[in-house]
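Here's the structure we're looking at; comments come further down.
Read the figures in this text as sums done on the coordinates, not as results from a lab. Bear in mind that the values here come from a model prediction, so they are computed numbers and not experimental data. Here the Cβ is made from the backbone with ideal geometry for all residues, glycine too, and neighbour counts use every protein chain on show.
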Amino acid sequence: MTTHATPPGAAATDDPAVQAVAAHALDLIADGARVGLGSGRAAATFIARLGARVEQGLRIVAVASSGASARQALELGIPLADLEEEVELDVTVDGADEVAPNLDLVKGWGGALVRERIVASASRRQVILVGREKLVRALGERGPVPVEVIPFALGPVSRRVKALGLLPVVRLDPDGRHSLLTENGNLTLDCSLREPLGDGHTARALERALLAIPGVVDTGLFLGTAERVLVGYPDGRVDELRPLDR
């Protein structure tokens, strides 16, 4: 039996590091901008600050990557739009679960990776907000790589994933009794690595191998997508990392 996930997202936090990067990201939003809204704690904190600016007169239109982010935006008076064919977003602001030195990312521990990918791909640039604890020497240090899978293909996909040397586990709902469905009606395999990915070439090879498996919708490997990463610290300081800062 499966149950639908509570739509991914998280309440805004008073963590000073996250508040600092959210405030910094707000400075990147120009009047009239079209903004992609990510999911999770950092994104929710940014959305809360963005809503306050909209109330003060900032004119924007946004596209949300999850039901939770959409509900938060609407509650704050942020106008939402659909991703129509002619829509190109100026910037997407989102979080990440891991950030490598070359700004490759792991995303999707919150469950919205496919829609986050779509929104980011429809944007001119992606800005990532993290605390310093998300910085890793190599992807896979802190946890698994999520892989979204069509339920019908779970068995064959699990077999192929294991053949790649990964240890897949079906993500369960909070009570641990049922498989958790994404907002797209799919399952998530949390794939633990036997060792962290050594470099960007290794990460890209793994991504290609996973996406080649029939039934895999997408992975949590966001490689080369971030235009910049804002790193927050408990004292309120913010470092701005770009791909050339390797």
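Things to note:
- For Asp218, the residues whose amide H sits under 5 Å from its own are Glu148, ignoring neighbours fewer than 5 places away on the same chain, with H placed 1.01 Å from N.
- Charges were assigned to the Cβ only: +1 to each Lys and Arg, -1 to each Asp and Glu. The resulting dipole of the chain about its Cα centre is roughly 620 debye.
- Across region 145-220, the volume of the C-alpha convex hull divided among the residues equals 91 Å³ per residue.
- With a cut-off of 12 Å between beta carbons, the residues surrounding Pro214 carry a summed charge of +2, where Lys and Arg count +1 and Asp and Glu -1.
- Overall dimensions of the chain, expressed as equivalent-ellipsoid semi-axes from the Cα gyration tensor (√(5λ), whole Å, largest first), are 29, 21, 16.
- Extension gain for Ile118 to Arg142 (0.36 nm times residue separation, less C-alpha to C-alpha distance): 6.2 nm.
- A full extension of the chain between Val238 and Ala163 corresponds to an added length of 22.9 nm, given 0.36 nm per residue minus the alpha carbon distance.
- Assigned charges on the beta-carbon of Lys, Arg, Asp, Glu; region 145-220 dipole about Cα centre (debye): 360 debye
- Radius 13 Å from Cβ of Asp15, net charge of other residues (Lys, Arg +1; Asp, Glu -1): 0
- When Arg49, Arg59 are arranged by Cβ crowding within 10 Å, least crowded first, meaning fewest neighbours, the order is Arg59, Arg49.
- Principal-axis tilt of helix 41-55 within the chain, Cα atoms, nearest 10 degrees: 30 degrees
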